[in-house]
């Protein structure tokens, strides 16, 4: 278990299978590149200077190499400069400007989530990424944390599409014991021998079955089903997933 300290940023690119905690959340993370070593999925956790704001960021960069290294560095820098600010949409706007300036076109999707213990809310922003899935004990079910539609075509698109894209932010109240789940494309796009995708419906079914499980158990249940579905391995794409519980 990695215990986050105040004003710390932890994460990166390399394969990882571990637990992370702060005063606000406990999370179980799995990230694996399809060819081992450094892949195109990024994951970061950060904690503010007062240990009241815990941020989670994941990104899926198409391809490997320079683009991944650049986006990883930019994301770290953005998290550092806005460590005490819950506005994840501003982080995405900063990353989008850098991505467009570099000429990386539509290479990256990203999700930024921050849990603020002072008001018991999770704040979330997306750049073309799958919505976070949340479980609230009061509701007894998993639902996607979507952001209300905005009357514009240039909103919440993947990084690098257009320098004028605007990024918005939503929020949801989460109390002790409530859960959050984030993942990259490699989870639902895993394929069996008949070229059929694992899919979001199957993923949601596993989450429902594991509603009373720990975050580590949720992670392991999904990985077990992925391996079974793909015949023992999933080397089609980088795979990153994490389950987090509010403390």
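The values are calculated or read from the model by the stated rules, or taken from the named source; none is laboratory data. Nothing here was measured: the structure is a model prediction, and the numbers come from that model. So basically every Cβ, Gly included, is an ideal-geometry build from the backbone, and we count neighbours across all protein chains shown.
Check region 11-22 and report whether any residue there is crowded, with 22+ Cβ neighbours inside 10 Å, on the phi < 0 side of the Ramachandran plot, in contact with a strand residue (DSSP E or B) (Cβ under 6 Å, 6 or more places away or on another chain) and assigned to a strand (DSSP E or B).
yes
I want to confirm something. Restricting to region 79-109 and keeping residues that are in contact with a helix residue (DSSP H, G or I) (Cβ under 6 Å, 6 or more places away or on another chain) and under 20 Å from residue 182 (Cα atoms), which single residue is surrounded by the most Cβ atoms within 10 Å (Cβ to Cβ)?
Out of the qualifying residues, it is 108.
Inside region 30-56, can you point out the residues that are over 20 Å from residue 78 (Cβ atoms) and assigned to a strand (DSSP E or B)?
Result: 30, 32.
Please go through region 211-234 and pick out each residue that is modelled with pLDDT under 95 and either more than 19 Å from residue 15 (Cα to Cα) or surrounded by fewer than 14 Cβ atoms within 10 Å (Cβ to Cβ) (or both).
Correct list: 211, 212, 227, 228, 229, 230, 231, 232, 233.
Okay, residues lined up against (1) farther than 19 Å from residue 20 by Cα; (2) without any contact (Cβ under 8 Å) to a residue 24 or more places away in the chain:
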| site | (1), (2) |
| --- | --- |
| 55 | no, no |
| 62 | yes, no |
| 65 | yes, yes |
| 71 | yes, no |
| 77 | yes, yes |
| 97 | yes, no |
| 106 | yes, no |
| 109 | yes, no |
| 113 | no, no |
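Among 114, 86, which is the only one that is part of a strand (DSSP E or B), within 30 Å of residue 213 (Cα to Cα) and in contact with a strand residue (DSSP E or B) (Cβ under 9 Å, 6 or more places away or on another chain)?
Only one candidate qualifies: 114.
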